[in-house]
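Right, one structure below, let's go through it.
The values are calculated or read from the model by the stated rules, or taken from the named source; none is laboratory data. Predicted model, so just to flag it, every value in this text is computed and none were measured. Counting neighbours? That spans all protein chains shown, and the Cβs are built from the backbone with ideal geometry, glycine included. Areas reflect the complete protein model, heavy atoms only, side chains present, ligands, DNA and RNA absent. Shrake-Rupley method; radii C 1.70, N 1.55, O 1.52, S 1.80 Å.
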Amino acid sequence: MQRNLFPSLVFSAMVISSVPLLAAELPSVEKRFADASVSETPDFQRHVVPLMGRLGCNGRSCHGSFQGRGGFQLSLFGYDFRADHAALTEGDEPRVSVKEPMDSMILNKPTDEFEHEGGKRFERDSWQYHVFRRWVEAGAKYDAESAQALVALEVTPAEIQFHKDQEQVALQAVAVWDDGTREDVTPLCRFQSNDDAVVAVDETGLVTSGEKGDSHVVVFYDNAVVPVPIMRPVSDQIDQAYPDVATSTKVDELIVAKLRKMGIVPSDLCTDAEFLRRMSLDLTGTLPSASEIEAFLADSAQDKRAQKVDELLESPAYAAWWATRFCDYTGNNSDALNNVTPVREMAGQAWYDWIYDRIARNVPYDEIVAGIVLSESREGDESYREYCEAMSDICRADEQRPFAERETMPYYWARRTIRQPEDRAIAFAYTFMGIRIECAQCHKHPFDQWSKNDFEQFTGFFSRITLGNNGLGNDAKAQYQEMVAELGIEGKRGGELRKSFSQLIEKGKTVPFPEVAVTGAKATYNKKDKKQGKEAPARKTARLLDGQVIDVASVDDPRKPLMDWLRSGDNPYLARAIVNRIWANYFNVGIVQPTDDLSLAHPPSNAPLLDYLAREFVAHGYDLKWLHREIIASDAYQRSWRPNETNMHDEKNFSRAIPRRLPAEVAYDVLRQALVNDEQAAVARDDLKGRAIAIATAGARNNSRGPQYALTVFGRSIRESNCDCDRTNDASLLQTVYIQNDSDTLMLLDDRDSWVAQVSKELGLSKSAKQKTPPRPKNYDTVIENLEKQVQRHHRRGDDAAERKAKVALKAYRERFQDSSDEAGEETAAEWNVDALIERAYLRTLSRRPTTDELAASADFLRESEDRVEGLKGLLWALVNTKEFIVNH
């Protein structure tokens, strides 16, 4: 029997509905089965299984665990009705005795008549006892073929607003079945609070207020999951007492509508300098240059913020940063792509380039997704040899991003971590739907409606995706053998063969490439059968998560109906998932949090807001730039981080900006941007060379090269699991140590292309005569020679980090004992403008001018420095080590 309901658009709609509850046709079982003389027969699906769930019998700690308990196992959360019925009525020691109902363990264990590890769950002669007793007396039946489907669970009140501590409201839940039956099922529901500090709920559905704030109580029954918003205002400024707050956009209207209920007054708008820094970092991962800030602050145009957003949306840094984020969501990891191309790292770079190109061209998001979901290595009528020729040419191409011209990006399906249909289903749901369905791989999902059967049916869309190392199909395999013979590499295997391929590509030869393709319906395998050399029967059907069954055996590519469903107008996932993730980039948290868990039990903090943005995103043709503009244009995004009394604790209702540590790639880049000279800083948004936001892949093999150590320290996404938590923005001591003392930072301060070197040259600054150079030791030349050898040795080994440290030591040693003739005997610099230098330092680091106190303290520091160059270094070092620098606010 089909057991699915389409999720949030069905049940969530009931929560926010203002339609009054209709009278239930059937009162609750608590009333109907209160008396022992009751003659009604309970239904196994509607009453018996939900009651076992309510009592905790099928929970993780009891019979719902993987091992069961006491030799008796139920399906976790009671969704496999057939299996549960068999467990109760069959086997060596059934829990039900139809012949002797009163001897049934289902009656005697929970009442502690028989020894029961779980203790007493209900009393004899209670309504719970009568439900189980009458079901057993009537034959303990379950007819799967005639079972009804739950079409709605109506919960009232639909929203609760408390006003004081320990207020109480009782929930009522009415089940509506597809035969039109309505029944009060409140005593059969499970209830959960999403924040026990704000709201508590007992097993009867009695809701009790706690601290000021907002959360949800979630109601579970059958396959329904219904969240009920709970609010307790944080101030008396609600409804009519709420102040007038401008709402310049629809986004602001929806946000302020909830703030009005919560008594939260939003912060004022941020300054122009704060806006420019915040928006530039969020949108492009790049600091605004000092000259850019000055020009923006001097601009008197009313729409200068909107104009700046439009300008930055056309920059290479915008495409680079968001290509990086999309590579996070899609899982671009070099370790998972090992050996999927003959050239090392090519697949990860091609993956990044393909996404970068489409973001730069503002290709609609659904088309980007389709280019990944429906991807195959060969294009159109391309033969295997032609495909290999094209890929070999791409490896040798001089132009930038040659792979981006390919129609699709197949490396998503080539990862060694998702070679099985089950892994592909989990990855697909995470990446493109923002949901975690892996729990349903083993049991009923605890926070959503998906069952194990739903998961198994869903995997049918992914069983025919194949990665072939030697070509797929007889023609391709023959062409593979021909190429191997032509290249003279027969007999080579493994690393030797791959090394030969790389060398041959460099010589202009065409080499074989692995390929991703979709096989015919007759060639589906599971892992066990494939090891045994047996062909498994082809899966004829698969089921979408809305319950629609697809005849996958009759289609060339089962992913096509899946993609059609994903981008259909009534699908709630594709748009909502990406809208929520992009929103979180700007506000520190998503409208749904965690951002990759859009389950029914994790409802949006502002459902109308998410609905609006997702709906309009689709209406605007999945236009990503529209979405960025719509979010940034809101007052909500442009608010100050400075809180007031009502919003100082608000971190999820978007009443103020939440200061947050910069993402790893951005932190690495802005540190360099703050320390390099003006010329390099000014082109950082257009010149991506050396930018961390343009590094294609993640993976352990990269962690000791270039900036990878720093990116690891700052929490770059490892892209190893189906979880947005692969990226972390948590602060750590290592991050502080890196900015303060790492050789990378110190070298940037000392570099010839640093801002300090630029200013020193402009002003003719040199070392102070007060600093005397000590005499060179006798072994000076020997030490220099040894340090130079260390640099060369680390260079040969490819150990970039050790090489950098050796260079720093060499430079420091030379400078310490430099010839006195290298020093200027007298200061030749003209009188320098200390205040102007300090302002430039603040603009290039904190993106603002210094306050009066900061200016005075900095000026005193520079004037008191014995060496002016070292004083400038000290000032700049101090600024990049402030919390304000590494935090976006």
- Query: Quick check: anything in the stretch 459-472 over 21 Å from PRO572 (Cβ atoms), surrounded by 16 or more Cβ atoms within 10 Å (Cβ to Cβ) and basic (Lys, Arg)?
  - Reply: yes
- Task: Pull up the stretch 145-163, narrow it to residues that are open to solvent by 50 Å² or more (accessible area, probe 1.4 Å), assigned to a strand (DSSP E or B) and not polar (S, T, N, Q), then point me to the one that is nearest to THR186 (Cα to Cα).
- Result: GLU154
- Does any residue of the stretch 122-143 turn out to be of a type in the set (Asp, Glu) and buried (at least 19 other Cβ atoms within 10 Å of the Cβ)? no
- Item | Residue, least open to solvent (accessible area, probe 1.4 Å), within the stretch 612-628, restricted to residues that are outside any helix (DSSP H, G or I) and in contact (Cβ under 8 Å) with a residue 60 or more places away in the chain | TYR622
- Residue check, GLY434 open to solvent by less than 10 Å² (accessible area, probe 1.4 Å), in contact (Cβ under 8 Å) with a residue 60 or more places away in the chain and farther than 22 Å from LYS540 by Cα: yes
- Query: Yes or no: VAL98 touching a residue at least 12 places away in the same chain (Cβ under 8 Å), more than 27 Å from VAL219 (Cα to Cα), open to solvent by less than 50 Å² (accessible area, probe 1.4 Å) and not in a helix (DSSP H, G or I)?
  - Reply: no
- Message: Can you report the number of residues in the stretch 235-244 which are part of a loop (DSSP other than H, G, I, E, B) and either of a type in the set (D, E, K, R) or open to solvent by less than 30 Å² (accessible area, probe 1.4 Å) (or both)?
- Response: 5
- Query: Listed residues ARG705, ARG701, ARG691; which is at pLDDT 90 or above and in contact with a helix residue (DSSP H, G or I) (Cβ under 8 Å, 6 or more places away or on another chain)?
  - Reply: ARG691
- Please indicate, with yes or no, whether at least one residue in the stretch 207-224 is at pLDDT below 95 and open to solvent by 50 Å² or more (accessible area, probe 1.4 Å). no
- Query: So ALA440 clears everything in (1) over 18 Å from TYR329 (Cβ atoms); (2) open to solvent by 10 Å² or more (accessible area, probe 1.4 Å); (3) modelled with pLDDT under 90 except one condition, right? Which one?
  - Reply: (2)
- Task: Give the residue that is modelled with the lowest pLDDT, with candidates limited to residues of the stretch 225-234 that are in a strand (DSSP E or B), touching a helix residue (DSSP H, G or I) at 6+ places or on another chain (Cβ under 9 Å) and not basic (Lys, Arg).
- Result: VAL225
- Note on the structure: A careful count of residues in the stretch 845-889 that are surrounded by 19 or more Cβ atoms within 10 Å (Cβ to Cβ) and among the charged types (D, E, K, R) gives 3
- Over the stretch 251-287, the set of residues within 28 Å of ASN580 (Cβ to Cβ) and either without any contact (Cβ under 8 Å) to a residue 12 or more places away in the chain or in contact with a Phe, Trp or Tyr (Cβ under 7 Å, 6 or more places away or on another chain) (or both) is GLU253, LEU254, ILE255, VAL256, ARG260, LEU276, ASP282, LEU283, THR284, GLY285
- Task: Hand me the list of helices (runs of 4 or more DSSP H) wholly inside the stretch 1-77 holding 3 or more residues that are open to solvent by 30 Å² or more (accessible area, probe 1.4 Å), modelled with pLDDT under 90 and not charged (D, E, K, R).
- Result: 8-16
- Residue that is within 21 Å of the chain's Cα centre (by Cα) and open to solvent by 10 Å² or more (accessible area, probe 1.4 Å), where the choices are ARG325, ARG361, ARG344: ARG325
- Mind checking which pairs have a first residue in the stretch 230-247 that is more than 25 Å from GLU167 (Cβ to Cβ) and a second that is open to solvent by 50 Å² or more (accessible area, probe 1.4 Å) and not in a helix (DSSP H, G or I), Cβ under 8 Å, 6 or more apart or different chains? PRO243/GLN237
- Item | Qualifying positions in the stretch 714-754 - of a type in the set (Asp, Glu), farther than 23 Å from ARG660 by Cα and open to solvent by 30 Å² or more (accessible area, probe 1.4 Å) | GLU720, ASP750, ASP751, ASP753
